[in-house]
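The values are calculated or read from the model by the stated rules, or taken from the named source; none is laboratory data. Given the structure is predicted, the values throughout are model-derived calculations rather than measurements. Using ideal geometry, Cβ is built from the backbone for each residue, glycine included, and neighbour counts are taken over all protein chains shown.
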């Protein structure tokens with residue numbers, strides 16, 4: 001009897017300790033969220049655009065042939081996660097793999113939220129892209145067919161590409177944490193490429209990355225709360241494309 005009481009007390013103490021001390025991953029997530037808020041505040045604090053323009057001209061003006069080629073690749077890297085999500089969704093459906101299917105669904109849901117919020121803000125702010133606003137701007141950015149589908153895409157604030165890249169880093173890191181440094185590094189480089197090609201000011205990129213982080217973590221939490229089976233952190237898919245990549 002006494003042993004059972006002692007065991008119950010020990011269990012209660014352990015539960016209290018767990019509630020009081022969060023795991024390191026939770027501290028990291030909270031830290032990233034805090035940084036994302038700071039980045040958003042920083043980008044909004046330069047509302048007069050003077051600091052933004054000076055930073056843009058310094059980054060955009062540092063040019064060479066290698067940067068020209070790298071910026072083209074890195075600028076469009078935000079599209080790659082969408083290909084992975086669609087592939088995962090199809091693979092999971094035809095292979096009857098619920099983990100892969102849920103991963104694809106989660107990624108596409110996060111993308112939908114990111115695009116909706118970005119387009120809404122662009123419509124309100126209506127900041128002209130530096131390529132067309134600054135005579136000194138260098139780069140090969142030009143409006144394309146996406147601008148015809150979404151007229152708000154002609155505006156630069158915030159950077160939707162930076163948002164998609166950063167939210168993708170959040171989603172992919174939740175499933176493949178060993179590669180998180182690569183995912184986040186590519187997201188940051190995507191932001192640099194958008195500035196280099198004169199598509200965005202630094203403030204646009206910082207705001208986009210902040211939104212991507214916030215919406216990425218927020219959507220994962222909402223999806224988990226709505227359906228625990230959709231929690232990609234505990235139901236990680238095994239996709240052939242990543243299994244092959246791990247061998248290199």
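Within segment 197-214, the set of residues being surrounded by 24 or more Cβ atoms within 10 Å (Cβ to Cβ) and part of a helix (DSSP H, G or I) comprises 202, 203, 204, 205, 206, 207, 208, 209, 210, 211, 212, 213.
For segment 63-78, a residue qualifies if it is over 19 Å from residue 206 (Cα atoms) and surrounded by 12 or more Cβ atoms within 10 Å (Cβ to Cβ), and the qualifying residues are 63, 67, 68, 70, 72. Picking from residues in segment 174-196 that are within 21 Å of residue 230 (Cα to Cα) and within 13 Å of the chain's Cα centre (by Cα), the one that is surrounded by the fewest Cβ atoms within 10 Å (Cβ to Cβ) is 180.
When segment 154-173 is filtered for residues that are surrounded by fewer than 24 Cβ atoms within 10 Å (Cβ to Cβ) and part of a helix (DSSP H, G or I), the ones remaining, listed by number, are 154, 173.
Within segment 227-241, the only residue that satisfies the criterion of being over 11 Å from residue 99 (Cβ atoms), modelled with pLDDT of 75 or more and outside any loop (DSSP other than H, G, I, E, B) is 228.
Residues in segment 133-153 that are in a helix (DSSP H, G or I) and closer than 14 Å to residue 194 by Cα: 153 alone. Screening residue 132 against (1) under 16 Å from the mean Cα position of the chain (by Cα); (2) surrounded by 13 or more Cβ atoms within 10 Å (Cβ to Cβ) leaves a single unmet condition, (1). Residue 119 meets all of the listed conditions (1) exposed (fewer than 14 other Cβ atoms within 10 Å of the Cβ); (2) assigned to a helix (DSSP H, G or I) but one, namely (1).
Looking across segment 92-114, the residues that are surrounded by fewer than 20 Cβ atoms within 10 Å (Cβ to Cβ) and either at pLDDT below 85 or over 27 Å from residue 159 (Cα atoms) (or both) come down to 93, 94, 95, 96, 97, 98, 99.
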